[in-house]
Amino acid sequence: MVRVMSGIQPTGNLHLGNYLGALVNWVRLQDQFEAFFCIVDLHALTQRPKPEALQHAVRELTIGVLASGVDPERATLFVQSHVPEHSELAWILTCLTPLGDLNRMTQFKDKSAQQPDNINAGLFTYPILQTADIALYRAEAVPVGEDQEQHLELARETLRRFNFVYGDTFPEPNTVKSEAPRVLGLDGEFKMSKSRGNEIGLFETEEETWQKLRGAKTDPARLRRSDPGTPEVCNVFRYHGFFTGAEERDRIAAGCRSAQLGCVDCKRALLANMERVKGPIRERAAALRDRPAQVDEILHEGAGKARAAAAATMALVRERVGLVRPR
Ligand code: TYM
């Protein structure tokens, strides 16, 4: 069976970009493929989180992924550091990766700008660990948002190089994008992200979401309520595309163009439709928070299954690379 693999960092709270850009596809693909989904705590170390904060974030993210619909009966959900082979394979791949390839990574440049006091080597080699995550499960499909495309290209090149040097071992992983590969933040300008603080959190209450939506950028040319708007350039209208049915969306667009509908009304309608998705997720998350032992058990089982798959790949890799006992 074809394998799918993806990861998500336990840094801050899940937001609609993560949900629409990646998690909806995790849920969809778990029925069609053998799925491995990973909470990448080793990647999060590049931001030097406090130990207790990291532990808490891993638990909350696990809850968020489960509440979004990932089913541990159908997919293997686990924590990266529970499977030591991730680090081992990352080192082997590090020795195959030219510095020039890493130098091209735009995320390294972005992250370095965001944390100028902590530009550590892990930030630089980050995409190699990501390649190891994928390769360890010999995955062929990787559901991610557009911001990960460059890392996936590097993964493909690195694995091609491995196959060339050591013989055919890994399949080439394809990116699987959702219908929302790049969700913009409330500023309507930059990608939604925790580090920019322009996000709508998946767990936020309706009231918290409203406080944020109220200030969200709309059509920049619509200065007064009486000005006709242009939905095509409005980021809030774009959000409607993810949450609102076609008929209601057409009505909203017509109302906006004729200035019969104001931006506040448009945002209210969006809030109601968002809540239909977010409300049940919040409820499932609350129920899981009340059952910590169940969450621990899911991760424990997930680690066991992931380790078995990882061990099989690493036995082959060690053999190919020559990391075996001398005869
Ligand atoms: P991370 O934790 O930053 O994001 C998790 C997933 O959410 C997607 N995403 C978005 N999609 C659309 N619009 C947005 N505004 C948006 N913001 C985030 C990301 O593309 C990602 O799919 N390096 C990865 C984690 C990782 C990984 C892997 C992914 C580690 N190992 C192996 C795939 C395979 C990351 O930092 O994602």
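Restrict the search to the stretch 64-110; then list the GluC sites (Glu not before Pro) that DSSP places in a loop and that have at most 12 other Cβ atoms within 10 Å of their Cβ. Write down the numbers at each step before the final one.
Values: sites: E73, E85, E88; in loops: E73.
The qualifying sites are E73.
Expressed in whole Å with the largest first, what are the equivalent ellipsoid semi-axes of the stretch 138-209 derived from the C-alpha gyration tensor as the square root of 5 times each eigenvalue? Walk me through the numbers before you get to the answer.
Values: eigenvalues 250, 28, 17 Å².
In descending order, the three semi-axes are 35, 12, 9 Å.
Amide H contacts under 5 Å for S193: N198, E199, restricted to partners 5 or more places along the chain or on a different chain, H placed in the peptide plane at 1.01 Å from N. Separation of the stretch 291-327 and the stretch 228-277, taken as the distance between their Cα centroids, equals 47 angstrom. In sequence order, the stretch 189-197 has phi-based couplings of 10, 9, 3, 5, 7, 5, 5, 8, x Hz under the Karplus curve 6.51 cos²θ - 1.76 cosθ + 1.60, θ = phi - 60°, and Gly or Pro positions carry x. Cross-link partners for K278 among the lysines, with Cα-Cα distance under 27 Å and sequence neighbours closer than 8 places in the same chain left out: K177, K191, K194, K212, K217, K267. Rg and Dmax, both from the Cα atoms of the stretch 47-163 and both in Å, are 15.3, 43.
If you take the square roots of the eigenvalues of the alpha-carbon gyration tensor of the stretch 10-51 and sort them as a ≥ b ≥ c, do you get rounded (a/c under 1.5), prolate (a/b over b/c) or oblate? Could the numbers behind the result be given before it?
Working: a/c = 4.16, a/b = 1.80, b/c = 2.32.
Verdict is oblate for the stretch 10-51.
For the chain, the solvent-accessible area of protein heavy atoms averages 48 Å² per residue (probe radius 1.4 Å; ligands and nucleic acids excluded). Here, the chain yields an orientationally averaged convex hull projection of 18.6 nm² when only Cα atoms define the hull. Taking the chain as the reference, fit the longest principal axis to its C-alpha atoms, fit the long axis of helix 292-321 to the helix C-alpha atoms, and give the angle between the two in degrees, 0 to 90, nearest 10. Computed tilt is about 50 degrees. The angle between the Cα long axis of helix 51-67 and the longest principal axis of the Cα atoms of the chain comes to about 70 degrees, rounded to the nearest 10.
Using the Karplus relation 6.51 cos²θ - 1.76 cosθ + 1.60 with θ = phi - 60°, the per-residue 3J(HN,Hα) values for the stretch 138-143 come to 6, 7, 10, 10, 10, x Hz, with x marking Gly and Pro. Structure remark: mean-square fluctuation, Gaussian network model of the chain, C-alpha springs under 10 Å; the largest value among L184, L123, L223 belongs to L223. Placing one equal scatterer on every Cα of the stretch 187-270 and applying the Debye formula, the log10 ratio I(q)/I(0) at q = 0.12, 0.13, 0.15, 0.18 Å⁻¹ is -0.34, -0.40, -0.53, -0.76.
Against the empirical 2.2 N^0.38 Å (N residues), the stretch 108-167 has a Cα radius of gyration ratio of 1.27. For the chain, carbon and sulfur atoms together expose 52% of the accessible surface, with a 1.4 angstrom probe and every protein chain in place.
The values are calculated or read from the model by the stated rules, or taken from the named source; none is laboratory data. Keep in mind it's a predicted model, so treat the numbers as computed, not measured. We place every Cβ from the backbone using ideal geometry, glycine too, and count neighbours over all the protein chains shown. Quick note on the areas: whole protein, heavy atoms, side chains included, nothing else; ligands and nucleic acids left out. Shrake-Rupley method; radii C 1.70, N 1.55, O 1.52, S 1.80 Å.
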